[in-house]
Structures are given as C-alpha cells and as structure tokens.
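Throughout, read-outs are computed from the coordinates displayed, never taken from laboratory work. These figures come from a predicted structure and were not determined experimentally. Positions of Cβ are generated from backbone atoms using ideal geometry, with glycine treated the same way; all protein chains shown enter the neighbour counts.
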Amino acid sequence: MFQSLTLVIQALPNLLQGALVTLQLTALSVFLGLIGGSLIGIARLSPSGLLRWLTRAYVDFFRGTPLLVQIFMIYFGLPAAMNQLGLPFSLDRLVAAVMALSLNSAAYVAEIVRAGIQSIDPGQNEAAQSLGMGSTQTMRHIIFPQALQRMLPPLGNEFISLLKDTSLVAVIGFEELFRRGQLIVAGNYRAFEIYAAVALIYLVLTLLSSRAFSFLERWMDPVKRTGKANTKMAKLSQP
Amino acid sequence: MAAQSGIRQGHMVRITRLRFLRQFTFGLGGALILAACGNQTPTSSTSPASPGGDTLKVATEPAFPPFEAQGQGGELVGFDIELMNAVGEAAGFKPEFQSLPFDGIVPALQANTVDAAISAMTITPERAQTVSFSRPYFKAGLAIAVRENNQETQSLDNLKNKKIAVQIGTTGAEQANSISGAQVSTFDSAPLALQELLNGNVDAVINDAPVTLDAIKSGNLKGIKVVGQLVTEEFYGIAMPKSSQNLEKVNQGLNTVIQNGTYDKIYQKWFAAKPPELPETAPVDPPTP
C-alpha cells in the first residue's frame, strides 16, 4: 500500500505535465471547434440548398465515423496518400491531433448550434421583424443570446467529451496524459496504480470543467442575475 | 351482423398478430441461444479431445510478422505460433491464443489473466523481475531502419539529436531512450512506427531486426532499408507468471522440439536459414557492444 503511494507520487510530476498537454490540446481544439461548429451550424440553416447539403454531409461524415479512425486517417493516411501522388508532405503531430479533434468536435457543435437556434420560438423572429429589425440584427440581438443560453448545457457535455477524447491521440505517439501513463507502465509494469492515478486526474479535470459550466449557466441566466429573491436562492443552492 | 363480424375479424387479426409476435420473439430468442451455443461448441469439444487435456491461455500481439500475424482468414500465423503449437504437442497442452497489445502482455501475466505469452519478447532483467521466462527460443537483435536516401546513419552514434520512432515497451524503445538528445516517439505497434518513418516524420526506427527485414521483404514498405549489423544481441523467451507451475512443462517441450528437429523445420520455413546455436539459459544482462 505504502509502496503504491510512493509509486504514484513519483509518477505524479510526469503525469501532471501530461495533463497540461491534455489541457492545451483541449483548449485549442475547443476554440477551433467552436468557431467551425458555429459557422457550420448557421450554414445548415441557410436558404442556399447547396450549402445546406454540404454542411449536412460534413456533419454526417465526422459524426458518423469513429474519432480514432479519423485520427489515423489524418496522421498516417493523409501523408501516405500524398507521398504516393509524389507530393512530399508531412504533418506535425500537434497539428494532426488538433485537426482531428476540432474537425470532429465542430460536427457536434454544429448540431448543438442548429438545435439552439431552431429552439427559439418563431414568434420572437416575427416580433423583432415587426419592430423593424433586419435579419442580422434579429439574429444578433434577439435569437442568438437566447439560443446561446440553451446551448450551454450541451456545449458543456461536448467539452467534457472532448477532454476525454484527447486520450485517443496517444495512438499517434502524442505524449498527453494517457500516453505518459502508458509509458510509465511500460517501464515499471504497475498497471493498477498508474492508470488509477491517470483516471483520477481526468476526473479532477472534468469535475472542474463541469463546475465551470454550471457557473457559466447561472451567470448567463438573466432571471437569476437580476431578481433579488432568485440571487438569494442561488446563493443558498450554492455548495 | 356485418359490424359484428368486422369486430370479430379485427379481434382475430389482433390475436394472430399477438401470437405471431410471441412466436417471433421465442423463435428469435431460441435462435440467439442456439447461435451462442454454436459458437461455444468448437472450443468446448476440442479442449477435452487434446492429449493431456490441458489448455494454456497464451497471449500474443499479432502485429509482428514474421513472428506473429493474422492470416487472410483472421487466423494467427507465424514462427511463434507454430513453435508454441509444437511445444504444446510435445509437452501435452493445447495453447489457446489471445490477442493483446504488447505493452499489456506483462501486466496480463502479472494479473494471471493469461498463463503464458509468446510474442517475440526479449528476456531482459527488468522483465525477469516481474515474470518468469522459459529457456531462450530465438536469437535476435535490434536493427536501425532508415529511409533509402539516408547515407549518413551507420550506427547508434549517428542518431544523437535525431528523431526516432519505436514501439512502446520494447527493447528498441529502451535503446532509443538511452541515446542522448534523441527525440523518441512511441507507437502502439511496430507497423505504425515504420509508417511514421515512411511518412518522413522521423529519421529512424529502432526495432527487432527480423521484423524490420520481413517488412521490407514483404514489399509493403518501399523506400526503407536496414543499416549496418545488429546493434545488440538478444534472446526471446516464452513468458509466464512469476514461478508459474507451467514453467517446467514449457521448458521440457521447448527442449524436445529443439532436439528432435521440429524447431529447425519451423525456423527453415519462416527464415529460410539454418538456426543459430541457442544457449540453455539466457544471459539476463544482454551484452551491448
């Protein structure tokens, strides 16, 4: 027991460095995925049929194939195909990992954004237009702020999934949290202790991010922010 | 009258539909159970048929040709597989192969989820601390693979400050980590490390020589060559849980197979050469020139 503990403590600095890499990877991919996903989600509601079809195909492909396969395709498949065509091409590990993760997450975010926008009652749109707002103004001031609030919980889900999915890029030799753990086990064969420590670190990271998202949800709720009685309630319900 | 018969008919339709559904579910369930049994019959009927009656669960990572790989029908083929079958025949047990990732094999042996492992595993002092090895059954060594246009790499010394790809948990990975300034990337299997070299992301791959040579020979990896000679001398052993009771049996089987010429035949088939002399026990600290 004591030996296991010292083992974990010894491995901890190495694992925490890996956790930092995992966080960087998540932050980069979430940022790019949010931008890409929002654009695709809005494009899915566009009047242009071609645009709708293209974005639909994108979402179907990236949501319908396993992320692991996408990572392999981008990192090993893409350069191999290019080299066969006679084009020298190589992909940096980080670029490939971020590319795969953000392309995949963009597909999910797109659906969240589309659903969020569509969930706003059409009456809101009609009311805004009857007040003389243009379609961009309506989207910016009326529809999107309300939709964003509804999109937050599923976006939080997506963020946590992505955080855990970063462990998949270990297969291309990327030394994030999980691969560091694997490398330590390959050296000392203490599978239980090390993987338990890795799991615990992931758990801490996801718990922290789910807390951050519930804070964000409360902060963005206009009713809870302004109403006096409600702030009291919110304070009481806070742990 | 007409309405009544209509109702009755509707009733009957519902009854028949219900009956159909029930029969369908029963039928489906029965078929599933039969299928499940059908899957199990071969294993349960073959194991008692084998002489001695013992089955040993043997772990292997089938991504390491020519030692272990998957054949076209998904069956396991390779030097290790044939050798293990021969050893089992000689010692009176039946190996039942289980596919595991290489870095998961030693933990599986520790946890006793498998009884033995044959996976081109080098006998090293670190591994010998956690598992027991049989007598050596193969003499191998590490080799450096580079792209064909690489002229400057001749030995391990040339790999300082270079990028190297290796497989996780192998002796090649250990060797690469001991080179000063080298950037080492680890992959789950040997073919991935070689693909990384082919794609131009690393300068070299350090792995067991027979495997790299086979990959080049089989023609699936164009543009890769092996430089120089073996950089180390290593021996493969069959790994078993620490002080396993099967150790003696496996060693006996290996000795029989090596003495009666079966080993030579299998070696000839997979490597088209005469096997080198094997020591009785492995020098636990492999000499590194």
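Scanning the stretch B:168-180 for residues that are facing another protein chain (nearest Cβ under 9 Å) and among the β-branched types (V, I, T), which turns out surrounded by the fewest Cβ atoms within 10 Å (Cβ to Cβ)? Write out each step before concluding.
Going through the stretch B:168-180, the residues facing another protein chain (nearest Cβ under 9 Å) turn out to be B:168-170, B:173-174.
If we keep only those that are among the β-branched types (V, I, T) too, we end up with B:168, B:170.
On the way: B:I168: 22, B:T170: 24.
So, considering only residues that are facing another protein chain (nearest Cβ under 9 Å) and among the β-branched types (V, I, T), the one surrounded by the fewest Cβ atoms within 10 Å (Cβ to Cβ) is B:I168.
Of all residues in the stretch A:64-90, those satisfying the criterion of being within 22 Å of the chain's Cα centre (by Cα) and not in a helix (DSSP H, G or I) are A:T65, A:P66. When B:A282, B:A273 are screened for being in a loop (DSSP other than H, G, I, E, B), buried (at least 19 other Cβ atoms within 10 Å of the Cβ) and more than 14 Å from chain A (Cβ to nearest Cβ), only B:A282 passes.
Filter the stretch B:181-199 down to the residues that are crowded, with 22+ Cβ neighbours inside 10 Å and more than 10 Å from chain A (Cβ to nearest Cβ), then identify the one that is nearest to the chain's Cα centre (by Cα). Across the stretch B:181-199, the extreme among qualifying residues is B:A190.
Which of the residues that make up the stretch A:176-192 are facing chain B (nearest Cβ under 8 Å) and touching a residue at least 12 places away in the same chain (Cβ under 8 Å)? A:R179, A:Q182, listed by residue number.
Scanning the stretch B:200-221 for residues that are surrounded by fewer than 18 Cβ atoms within 10 Å (Cβ to Cβ) and at the interface with chain A (Cβ under 10 Å from one of its Cβ atoms) yields one hit, B:G200.
A Cβ distance below 8 Å, combined with a sequence gap of six or more or placement on separate chains, defines the contacts here; from the stretch B:99-110, residues that are facing chain A (nearest Cβ under 7 Å) and within 17 Å of B:K242 (Cβ to Cβ) reach residues that are in a helix (DSSP H, G or I) and hydroxyl-bearing (S, T, Y) in the pairs B:V106/B:T130; B:Q110/B:T130.
Is it the case that the stretch B:135-153 has a residue that's within 14 Å of another protein chain (Cβ to nearest Cβ) and crowded, with 20+ Cβ neighbours inside 10 Å? Spell out the reasoning first.
Initially, the stretch B:135-153 is screened for residues within 14 Å of another protein chain (Cβ to nearest Cβ), giving B:147-149.
Then drop every residue that is not crowded, with 20+ Cβ neighbours inside 10 Å, which leaves none.
No, the stretch B:135-153 has no match at all.
All told, A:L16 meets the bar of being among the hydrophobic types (A, V, I, L, M, F, W, C) and assigned to a helix (DSSP H, G or I).
Restricting attention to helices (runs of 4 or more DSSP H) lying wholly within the stretch B:156-231, give those where 3 or more residues are closer than 25 Å to A:G181 by Cβ. Break it down stepwise before answering.
Working: elements: B:171-177, B:190-198, B:209-217.
Once the helices (runs of 4 or more DSSP H) in the stretch B:156-231 are filtered for at least 3 residues that are closer than 25 Å to A:G181 by Cβ, what remains is B:171-177, B:190-198.
For the stretch A:57-93, the set of residues classified as more than 10 Å from chain B (Cβ to nearest Cβ), buried (at least 16 other Cβ atoms within 10 Å of the Cβ) and without any contact (Cβ under 8 Å) to a residue 40 or more places away in the chain consists of A:Q70, A:I74, listed by residue number. Every condition in (1) under 30 Å from A:S90 (Cβ atoms); (2) more than 11 Å from chain A (Cβ to nearest Cβ); (3) buried (at least 22 other Cβ atoms within 10 Å of the Cβ) is met by B:A165 except one, and the failing one is (2). Checking A:R140, A:R180 one by one, the residue that is among the basic types (K, R) and closer than 30 Å to B:A165 by Cα is A:R180 and no other. If we scan the stretch A:17-27, do we find a residue that is over 20 Å from the mean Cα position of the chain (by Cα) and away from chain B (no Cβ under 14 Å)? For the stretch A:17-27, residues over 20 Å from the mean Cα position of the chain (by Cα) and away from chain B (no Cβ under 14 Å): present.
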